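What follows draws every value from the coordinates through simple rules; no lab data is involved. A quick note: this is a predicted structure, and the numbers were derived from the prediction, not measured. As a convention, Cβ positions derive from the backbone with ideal geometry for all residues, glycine included, and neighbour counts pool all protein chains shown.
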Amino acid sequence: MKLFSKIKFRKNSGFTIIELIIAIFILSFSIFGVYNAFITVIVLTHGVSDRFIGAYLAQEGLEIIRNTRDTNWISGSINWRQGLQDCQDGCEADYTTGTNLPGAKSLTPWVGGNSGGVYLKINNNGFYNYASGQDTNFKRKITITFLGNYIMKVFVSVSWKEKANVLNPTAEPGIIEAEETLYNWY
């Protein structure tokens, strides 16, 4: 019991109103700061998935043209540019282009200028195409420029509709662009 007998209590042990106001101010300021940081993170990460999908669709556009060039070259009897000349003003292609897969087609000319084009669809297998599936917000334009007989520049632009948010109140479209130079192997 000697332990408790040495503890002395002050008669006025408590918070003053000023201490209480300062504590509430510091606590409120801290909570407000965490809330603002949380909202900023949500707004900034809102469009990340669209940017990732756009980047992958742009890369896929480059791969489609590369595969068409390779298939032409490997056949030996076809000019390496076969089927690619019509993309100088832009065209559309999906993973089925130039294959025997259902819904496969060749490169389709881009129609409608900068605001034209057809929105890609996503099918049940997760592939983006123009034939079947659920509509998406993504458009892909592939432009090919031939620089002489042995070089071509491939430019892919993927755009999508963005939702309005604090950082983008006018909901301007998102755009990802990719470019590659391809050569005739011969």
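Of note:
- Cα pair distances exceeding 23 angstrom across the stretch 47-183, given as percent: 34
- Given charges at beta-carbon only (K, R positive; D, E negative), |dipole| of the stretch 47-183 in Debye: 120
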